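Written out below as structure tokens is the structure these notes cover.
The values are calculated or read from the model by the stated rules, or taken from the named source; none is laboratory data. Quick caveat, the model's predicted, so the values are computed rather than measured. Every residue, glycine among them, receives a Cβ derived from its backbone with ideal geometry; neighbour counts consider all protein chains shown.
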Amino acid sequence: MAPRSGDGVGEGTAATRARRKPGTTARARNLRQRENQTEALLWLELKRSKLGGYKFTRQFPIGPYFADFCCRTKRLVVEIDGSQHADSAYDRRRDDHFRALGYCTLRFWNHDVLKRRAAVCDTILAALDGRLNGNVTAPDLRFVFARPTRIPESKSQHRNVSP
């Protein structure tokens, strides 16, 4: 392979291309590889845009936190929680952080995903389609609503990169 000419083309892209903190991608990859059975079962329903044509990402980094599942286009975070998360102050802080960034958060219990997966998927679709439009707290569900945020025109132009 010939050495670079020094014209700047293709040089330094590794330093400027990444928008995440070093180690974030590796941590997300590690979390995906260690996912529990419940997350794996829900991922079967969400991957490859199976659920209503919406694309989801697993272990998506949002600030200092990782969302179990995230639909970036609809700014919806789906979290699957075990009993250790019951009434968790940490989870409330995460939800507040997500909301401040314009993400709605939908939380389900592990046993609901295991026993009532179709109902869980229907609820996710309702949130994606805008049929849930306010905070909901129930024994088997928590939905934290975030008002839609508009991306300023100058920033949205930078996100549309042509191939």
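For segment 72-100, a residue qualifies if it is of a type outside the set (K, R), touching a residue at least 24 places away in the same chain (Cβ under 8 Å), surrounded by 13 or more Cβ atoms within 10 Å (Cβ to Cβ) and under 19 Å from N110 (Cα atoms), and the qualifying residues are L76, V77, V78, E79, I80, D81, D95.
Can you find a residue that is within 10 Å of the chain's Cα centre (by Cα), within 19 Å of L141 (Cβ to Cβ) and among the polar types (S, T, N, Q) anywhere in segment 95-114? Checking segment 95-114: at least one residue is within 10 Å of the chain's Cα centre (by Cα), within 19 Å of L141 (Cβ to Cβ) and among the polar types (S, T, N, Q). Say whether the condition of being among the β-branched types (V, I, T) and either loosely packed, with under 11 Cβ neighbours inside 10 Å or modelled with pLDDT of 85 or more (or both) is met by at least one residue in segment 132-141. Within segment 132-141, one or more residues are among the β-branched types (V, I, T) and either loosely packed, with under 11 Cβ neighbours inside 10 Å or modelled with pLDDT of 85 or more (or both).
Count of segment 68-96 residues, restricted to those that are at pLDDT 95 or above and either of a type in the set (S, T, N, Q) or touching a Phe, Trp or Tyr at 6+ places or on another chain (Cβ under 6 Å) (or both), is 7.
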